[in-house]
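To start, the structure itself, in structure tokens.
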Amino acid sequence: MSPLKSTSPRAVAANNFAYMPGFGNDFETESLPGALPHGMNSPQRPAYGLYAEQLSGSPFTAPRGTNERSWLYRIRPSVKHHQRFQSFKLPAWKSAPNAADQELSLAQMRWNPLPMPIGETNFIEGIRTMTTAGDVFGQAGMAAHAYVANADMVDDHFFNADGELLVVPQVGGLRFMTEMGVMEVQPGEICVLPRGLVFKVELMDGSSRGYVCENYGAKFTMPDRGPIGANCLANPRDFKTPVAWFEEKETPCRIIVKWCGSFHVTEIGHSPLDVVAWHGNYAPYKYDLSTFSPVGAILFDHPDPSIFTVLTAPSGEEGTANIDFVIFPPRWLVAENTFRPPWYHRNIMSEFMGLIHGQYDAKEEGFVPGGMSLHNMMLAHGPDATGFEKASRADLKPVKLENTMAFMFETRFPQLLTRYAASLDTLQDNYIDCWTDLKKRFNGTPEGDWS
Ligand SMILES: [Fe+2]
């Protein structure tokens, strides 16, 4: 792949960015021939006069299965990619513990989509925090954000020391120009940007809206499949990591940093996206949600939604995720004598949901694409009255759920609402009414009252 001197859309489109398949592989990639050292990491003089630099995603001594680092060969070392920092404000981006908003009342909540911004707003300026959970200082928990953007990051770059970012575009594609390569991510795809990775975002369709999960804890990995075996759910080959790409741009740029919940900015005279070659297993990746192979009930009952986990971020306590990223994709419903939608429940985990497109089977109305819902620790939820009626009387022939893609950020920690989320115009004040018409069916007879 040839290097780009420009990041204009025309140059980018002509470049046809390529990806390497696999999850957590030890990748190697170079955008100039011979730029990558072989058989060693740190030659006395790397080719092309590049600087060798390690980016660590785990402590040096982490066990082999979770030990992550990459070696970057770049035009300038990262110490040249910042000068003195100054304070920077992104007031809508909150971090846990967001104690100032803790008095907000408890409720099941649902929102219509965020309005698109009126003024010029790039991806990081457009992040609006809906909930926070855990503690950014303790590297545990997460934040659920929505974003709206209508402007490219041109000379601004960003890295997040507080956690990795899982991005879920819902409208409009995103082009992530990262120091380790370029990823184009359309609605229906997701991507993960590791903690510390420098990137900027261009909008492939002029504007974009979607969701971001900021993971303060151990990074996302693939869930174990247990008795399911070696195949289905998300398959490793469907995760795509970009090949090396760099720009040689000697004009003023800024890097904005998120660090322990605060923001800082530094100005430099060149682009920090200058990694000509890299190797290692700490890298960004994207994933097409349509490649998820769902497994479910083939005779009766409804499995727990954990069966739809794409990625899980462990908490250290086995089976208790810091975050599960779960999707609800198109699938066949075939269970006999079964109430097929998700059952009513109360959950020790806290659930933030979004809808990428179509309808969600437990809430055919009210939960719209681009919308969000929050069902917090131990707060009851389940199908609305209409959904319950329909599913309780349905002819249980095989039915294909089509045109649907919902997702959930589920965490072991309670999700504290932000004041922004609580006061959004798109908050549905009447959400709780969706259960009002659930009737008492108990009348003392085994048949119940289904009149
Ligand atoms: Fe739930």
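The values are calculated or read from the model by the stated rules, or taken from the named source; none is laboratory data. As the structure is a prediction and not an experimental result, all values here were calculated from the model. Quick reminder, even Gly has a Cβ in these numbers, built from the backbone with ideal geometry, and neighbours come from all protein chains shown. What goes into the accessible areas is simple: the full protein's heavy atoms, side chains included, and nothing from ligands, DNA or RNA. Shrake-Rupley method; radii C 1.70, N 1.55, O 1.52, S 1.80 Å.
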**Request:** Go through segment 171-192 and give me each residue that's open to solvent by less than 20 Å² (accessible area, probe 1.4 Å), assigned to a strand (DSSP E or B) and not aliphatic (A, V, I, L, M).
**Result:** Phe176, Thr178, Gly181, Cys191
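For segment 385-404, does any single residue satisfy the condition of being within 11 Å of the ligand (Cβ to nearest atom) and open to solvent by 10 Å² or more (accessible area, probe 1.4 Å)?
Narrowing segment 385-404 to residues within 11 Å of the ligand (Cβ to nearest atom): none.
No, segment 385-404 contains no residue that is within 11 Å of the ligand (Cβ to nearest atom) and open to solvent by 10 Å² or more (accessible area, probe 1.4 Å).
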**Asked** What residue, of Ser290, Ser306, is within 16 Å of the ligand (Cβ to nearest atom), open to solvent by 40 Å² or more (accessible area, probe 1.4 Å), touching a strand residue (DSSP E or B) at 6+ places or on another chain (Cβ under 9 Å) and not in a loop (DSSP other than H, G, I, E, B)?
**Response** Ser306
**Prompt:** Among the residues of segment 330-349, is there at least one that is surrounded by fewer than 15 Cβ atoms within 10 Å (Cβ to Cβ), at pLDDT 95 or above, out of contact with any His (no Cβ under 9 Å at 6 or more places or on another chain) and not in a loop (DSSP other than H, G, I, E, B)?
**Reply:** yes
**Complete:** Filtering segment 69-93 down to residues that are open to solvent by less than 70 Å² (accessible area, probe 1.4 Å) and closer than 22 Å to Phe137 by Cβ yields Phe88, Leu90, Ala92, Trp93
**Flag if Gln102 is at pLDDT below 95 and either over 24 Å from Ala313 (Cα atoms) or open to solvent by less than 40 Å² (accessible area, probe 1.4 Å) (or both)** = yes
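Just checking, which of Arg74, Arg69 is modelled with pLDDT of 95 or more and in contact with an Asp or Glu (Cβ under 8 Å, 6 or more places away or on another chain)? Talk me through it step by step, then tell me what you get.
Numbers: Arg69 fails: in contact with an Asp or Glu (Cβ under 8 Å, 6 or more places away or on another chain).
One residue alone meets the criteria, Arg74.
Restricting segment 365-375 to residues that are surrounded by fewer than 22 Cβ atoms within 10 Å (Cβ to Cβ) and in contact (Cβ under 8 Å) with a residue 24 or more places away in the chain, which is nearest to Leu438 (Cα to Cα)? Please lay out each step first, then the result.
Taking segment 365-375 and keeping what is surrounded by fewer than 22 Cβ atoms within 10 Å (Cβ to Cβ), we get 365-366, 368-370.
Now narrow it down to the ones that are in contact (Cβ under 8 Å) with a residue 24 or more places away in the chain: 366, 368-370.
Details: Gly366: 17, Val368: 22, Pro369: 25, Gly370: 27 Å.
Here the answer is Gly366.
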